[in-house]
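For reference, the structure discussed in these notes is given below.
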Amino acid sequence: MRGREVSKAAEAFPRPHSLQELVLSLEALCARNHGTQVSVQDVVSLLGPRSFAPIILAIGLIAVTPIDSIPTLPTTFGAIIFLTVGQMLIGRKSLWLPRFIARRSLPADRLKKALRWLDPYAARADRWFGMRLTAFTHGPFLILIALCCAGLAALMPFLELVPLVSTLPALTVVAFRIALLLRDGIAAVIGLAITIQTLVIVVQLGRLIF
């Protein structure tokens, strides 16, 4: 019953067309759920189950906030991003998530506070990025971006064991999704650079452990 209510209520929120609009939409969702919880399903219902890229961007944005320090959250975020990207690659029309992931939730007020931390950065990103080197956001680069996002998402559960390092894959996902949302190849290049840096860190950690 609640899922239907969430779906109907989500229709009142306009679909975001910029990073700042996305953050504000998520904040509005938290305000509506004041005193309760915001679940993964709430976010999917807000954006629409066919909005793969905005869903990935929303999860990535939440993952780079201070709320990422909650245990097991990076693993959950990584699983959502991996499943979403995977379903994009196989051409699925509507997102499916396991029930135990869809039900994962956070206190609405705590999430809203974390999102407010993003407000000034979202506004700056919208000013900085937009319609440059658009060739890096089309054709084969879309496959490369999707594969990078899936690979980094798969690493997030392991990187959760290292404080703050799990933020790097989330930041990379945000850069790639900004590239697609705003058609900015510069953001795609930044995402690729962070991907390389993350892989270097993973190799170094592997050497220390093994």
Check: Is the stretch 111-178 rounded, prolate or oblate when judged by the Cα gyration tensor, a ≥ b ≥ c being the square roots of its eigenvalues, rounded requiring a/c under 1.5 and prolate requiring a/b larger than b/c?
Finding: oblate
Notebook entry, point to check: Among I80, I56, I70, which one shows the biggest mean-square fluctuation in a GNM of the chain, springs joining Cα atoms closer than 10 Å?
Noted result: I70
Notebook entry, point to check: About its Cα centre, what dipole magnitude does the chain give when the only charges are +1 on Lys and Arg Cβ and -1 on Asp and Glu Cβ, stated in debye to the nearest 20?
Noted result: 380 debye
Item checked: Difference of contour (0.36 nm per residue) and Cα-Cα distance, I143 to K93 -> 16.3 nm
Check: Once the piece of chain linking D119 and R103 is laid out straight, how much longer is it, given 0.36 nm per residue of separation minus the C-alpha distance between them?
Finding: 3.1 nm
Next item on the list: Would you look at the GNM of the chain, springs on alpha carbons closer than 10 Å, and say which of F176, F100, F158 moves the most?
Entry: F100
Check: Rounded to the nearest 20 Debye, what is the dipole magnitude of the stretch 72-141 about its Cα centre when Lys and Arg each give +1 and Asp and Glu each give -1 at the C-beta?
Finding: 200 debye
Notebook entry, point to check: Once phi is turned into ³J(HN,Hα) by the Karplus curve 6.51 cos²θ - 1.76 cosθ + 1.60 with θ = phi - 60°, what whole-Hz value does each residue of the stretch 112-125 show in order, with x for glycine and proline?
Noted result: 4, 4, 5, 5, 4, 4, 7, 3, x, 5, 5, 4, 5, 4
Notebook entry, point to check: In whole percent, how big is the carbon plus sulfur part of the accessible area of the stretch 97-159, probe 1.4 Å, protein atoms only?
Noted result: 66 percent
Notebook entry, point to check: If R0 is 41 Å, what FRET efficiency do you get for R50 and I196 from their C-beta distance, rounded to 0.05?
Noted result: 0.85
Next item on the list: List the extent of the Cα atoms of the stretch 24-79 along each of their three principal axes, largest first, rounded to whole Å.
Entry: 28, 25, 17
Item checked: Amide H within-cut-off set for R132, under 5 Å, with H built and near neighbours excluded -> D184, G185, I186
Note to self: Can you give me the long-range amide H partners of L97? Hydrogens built in the peptide plane at 1.01 Å from N, cutoff under 5 Å, separation of 5 or more residues or another chain.
What the structure shows: none
Notebook entry, point to check: Mean residue ellipticity at 222 nm from the helices of the chain, using -39,500 (n - 2.57) per DSSP H segment of n ≥ 4 over the full residue count, to the nearest 500 deg cm²/dmol?
Noted result: -23000 deg cm²/dmol
Note to self: Taking 4 °C and 1.567 mPa s as the conditions, I'd like the Stokes-Einstein D for the chain in µm²/s, using the Kirkwood hydrodynamic radius from alpha carbon pairs.
What the structure shows: 75 µm²/s
Checklist line | All-pairs Cα distance distribution in the stretch 132-210, expressed in whole percent, bin size 5 Å | finding: 3, 17, 27, 22, 14, 9, 5, 2, 0
Margin query: With a 1.4 Å probe and all protein chains left in place, how much accessible area per residue does the stretch 67-146 have, in Å²?
Written below: 59 Å²
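The values are calculated or read from the model by the stated rules, or taken from the named source; none is laboratory data. None of these values were measured; they are calculated from a predicted model. Virtual Cβ from ideal backbone geometry, glycine too; neighbours counted across all protein chains shown. The protein model used for the area step is the full one, side chains on, heavy atoms only, and it has no ligands, DNA or RNA in it. Shrake-Rupley method; radii C 1.70, N 1.55, O 1.52, S 1.80 Å.
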